[in-house]
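**Student:** To start, I am sharing the structure in question, which I have written as C-alpha cells.
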Amino acid sequence: CMDYVFPASYAWGNFSVLAVGIWAIVQRDSLDAITMFLFGLLLTGVTDMIHISLFYPSHKDLSDLKHFIVGMAIFSFLLKPVSCYLVYQMCRERGGD
C-alpha cells in the first residue's frame, strides 16, 4: 500500500531495519546487532521525517487509502523515539556504554 504515496526507499529502509531488529532478537548476546538496530532506528527516524515532509499528498489528492497510509507513517514516526529508548535500554543491559 505504501507504493501509492511514498517511494520504494521508505519501505526498503524500514524493512531492512526490521530485519536487523529480528537479528538482534535472535542473537541475544550480540552487542553489535542491538547497536546496529539502534542506529538503524535513529537513521530511519530522520529519513521518515524527510519522506513524510517531501511526499505528503495535497488535500485534493488525499483519498481514504492515502489518508490511512500517511496516518500510519506518521504514527510509526511518532513511535520511533519510544522504540529507540527501549532498544537503548536493551543495549545497556547487554554491556554497551
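**Student:** Given the residues Ser58, Ser16, which is the only one that is at pLDDT 90 or above and of a type in the set (Ser, Thr, Tyr)? Give the derivation first.
**Tutor:** Numbers: Ser58 fails: at pLDDT 90 or above.
Of the residues listed, the single one that is at pLDDT 90 or above and of a type in the set (Ser, Thr, Tyr) is Ser16.
**Student:** When you look at Val87, is it modelled with pLDDT under 95, within 12 Å of Val17 (Cβ to Cβ) and either touching a Cys at 6+ places or on another chain (Cβ under 8 Å) or not polar (S, T, N, Q) (or both), yes or no? Talk me through it step by step, then tell me what you get.
**Tutor:** Numbers: modelled with pLDDT under 95: yes; within 12 Å of Val17 (Cβ to Cβ): yes; either touching a Cys at 6+ places or on another chain (Cβ under 8 Å) or not polar (S, T, N, Q) (or both): yes.
In short, yes.
**Student:** Restricting the first residue to the stretch 64-80 and requiring it to be closer than 10 Å to Val5 by Cβ and touching a residue at least 12 places away in the same chain (Cβ under 8 Å), which pairs with a second residue that is assigned to a helix (DSSP H, G or I) and among the aromatic types (Phe, Trp, Tyr) meet a Cβ separation below 9 Å and a spacing of at least six or different chains?
**Tutor:** Close Cβ pairs satisfying both conditions: Leu65/Tyr4; Lys66/Tyr4; Ile69/Tyr4; Val70/Phe55; Ala73/Tyr10.
The values are calculated or read from the model by the stated rules, or taken from the named source; none is laboratory data. Model, not experiment: these values are computed from the prediction. In this analysis, Cβ positions are derived from the backbone assuming ideal geometry, glycine residues included, and neighbour counts consider all displayed protein chains.
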